[in-house]
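Written below as structure tokens is the structure these notes are about.
Every number in this text was worked out from the coordinates using simple rules, so none of it is lab data. Model, not experiment: these values are computed from the prediction.
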Ligand SMILES: Cc1cc2nc3c(=O)[nH]c(=O)nc-3n(C[C@H](O)[C@H](O)[C@H](O)COP(=O)(O)OP(=O)(O)OC[C@H]3O[C@@H](n4cnc5c(N)ncnc54)[C@H](O)[C@@H]3O)c2cc1C
């Protein structure tokens, strides 16, 4: 398996079984000792860096929207996208997981998944008091990923006041399967550093990690008489350059939303006509592989603030950044320990959507059920970010 968020998590769990040995094969470099990854406030400096696959998305050309190329960030480093992401820790809603049951069966609904979320994390309950009431009992207390409530930043209280003044609700427990309202975030930052999925690998002598090693193909071998009904069995992987690594038990594909389908298709698993176009022998005709990607759009709004009301003041080269750097280097505290996002507000906009003909049609086609937010799931997330830039400094 590859060394991203899901891969390391599963590797760590499998390694708890006595007698099992796990090999993690990661295309990117190791994340150990990389300051831009461990320092919370430097997260945005990783976009289009050597730790990013550096994909570009071409947005759809429409009369009201200019076609542009846009960076799509995906972690290419040990820890995968959990080594690059923006730390906000939440689970989504019960309704979203319950939709998985249709595809994955009874073990893939909210109730079945819930214990595993808590198993992943330890939340630091000694963090500074939150600006909003927040319930941490459902988060987790004994897992490898460390979390804490984000320290209140300048302007936080004004955001809460503005939100409440509009009559919008507060959400004090977004971990219970329902999330509507404004919440003070819990982040995968503690002791002043990023906690990525790499923490699942620590202290596990039965896990081996190969970095800077790209898997180019899954080896599929004929198994005509296995009785399972499957014609092929995955028995290992081929590494870029031709080296073969055989698996004693099984191969787990965890390359993320772009690379997993890519790897499956290179291995002959995917839509037959698509594979044939590229001269790849189709071993398993699986028409959905590489299809139906969904992505969320972000609409940033940037406000000019009075000097000192955001963390920007600390992030421009000069004496304040120098002092923040010294504080961070010595104590792992201060502006550089900030995980960027402080609040998220989760909202539904049914009344507005009802005025949108494309939405009304999509809902009709979906048997009258909301196609965007099933069973009360929020339609959008409002993120309050304490600075539009990231510290301008030498990171390595
Ligand atoms: C910039 C950014 C900010 C985000 N912020 C948040 C947030 O605040 N909160 C939140 O909940 N989510 C956030 N996300 C989303 C979240 O981080 C991802 O959804 C999640 O990490 C994806 O996990 P994954 O295991 O599917 O893939 P990844 O973690 O991306 O892992 C895939 C791994 O496989 C490796 N790999 C791929 N192909 C190969 C190959 N052929 N050979 C060897 N290795 C290979 C990759 O290099 C990578 O390490 C953010 C994502 C990004 C990019």
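Among 91, 74, 194, the largest mean-square fluctuation in a Gaussian network model of the chain (Cα springs under 10 Å) belongs to 91. Counting every Cα pair in the range 114-162, what percent are over 14 Å apart? Tail of the P(r) past 14 Å holds 55 percent of the pairs. Separation of the range 338-395 from the range 21-39 is 31 Å, based on Cα centroids. What shape does the range 91-198 have by the C-alpha gyration tensor, where a ≥ b ≥ c are the square roots of the eigenvalues, rounded means a/c under 1.5, and otherwise prolate means a/b greater than b/c and oblate the rest? Oblate shape, in that a/c is at least 1.5 and b/c is the bigger or equal ratio. The angle separating the long axis of helix 256-266 from the principal Cα axis of greatest extent in the chain is about 20 degrees.
Taking every C-alpha pair closer than 8 Å and separated by at least 6 residues, the mean separation divided by the residue count of the chain gives a relative contact order of 20 percent. DSSP beta bridges fully contained in the range 177-335 are about 85 percent antiparallel. Comparing mean-square fluctuations of 311, 355, 182 from a GNM of the chain with C-alpha springs under 10 Å, the top value falls on 355.
Over what distance in Å are the Cα centres of the range 184-245 and the range 97-154 separated? Spelled out, the Cα-based centre of one part sits 24 Å from the other. Projected onto planes of every orientation and averaged, the convex hull of the alpha-carbon atoms in the range 237-351 covers 15.6 nm².
Overall, the ratio between the Cα radius of gyration of the range 33-78 and 2.2 N^0.38 Å, rounded to two decimals, is 1.49.
Counting DSSP beta bridges in the chain, what percent are antiparallel, to the nearest 5? Walk me through the numbers before you get to the answer.
Details: 32 of 44 bridges.
Antiparallel: roughly 75 percent of the beta bridges in the chain.
Taking 20 °C and 1.002 mPa s as the conditions, I'd like the Stokes-Einstein D for the range 1-133 in µm²/s, using the Kirkwood hydrodynamic radius from alpha carbon pairs. The calculation lands on 119 µm²/s.
Counting only DSSP H runs of at least 4 residues, each contributing -39500 (n - 2.57), and dividing by the residue count of the chain, the helix-based mean residue ellipticity at 222 nm comes to -6500 deg cm²/dmol.
What's the whole-number percent of alpha carbon pairs in the range 268-307 lying beyond 11 angstrom? Before the final figure, lay out the partial values.
On the way: 545 of 780 pairs.
It works out to 70 percent of all Cα pairs.
Please compute the alpha carbon radius of gyration of the chain, then divide it by the globular-protein estimate 2.2 N^0.38 Å. Two decimals is fine.
Values: Rg = 22.8 Å, N = 396, 2.2 N^0.38 = 21.4 Å.
In units of the globular-protein estimate, the chain measures up at 1.07.
Sorting the Cα pairs of the range 307-369 by distance into bins of 10 Å, from 0 upward, gives 18, 28, 12, 12, 19, 12, 0 percent per bin. Antiparallel beta bridges, as assigned by DSSP with both residues in the range 84-220, represent about 55 percent of the total such bridges.
Given a 10 angstrom Cα cut-off, can you work out which residue in 137, 126, 325 is the most mobile in a GNM of the chain? Per the Cα network of the chain with a 10 Å cutoff, 126 tops the list.
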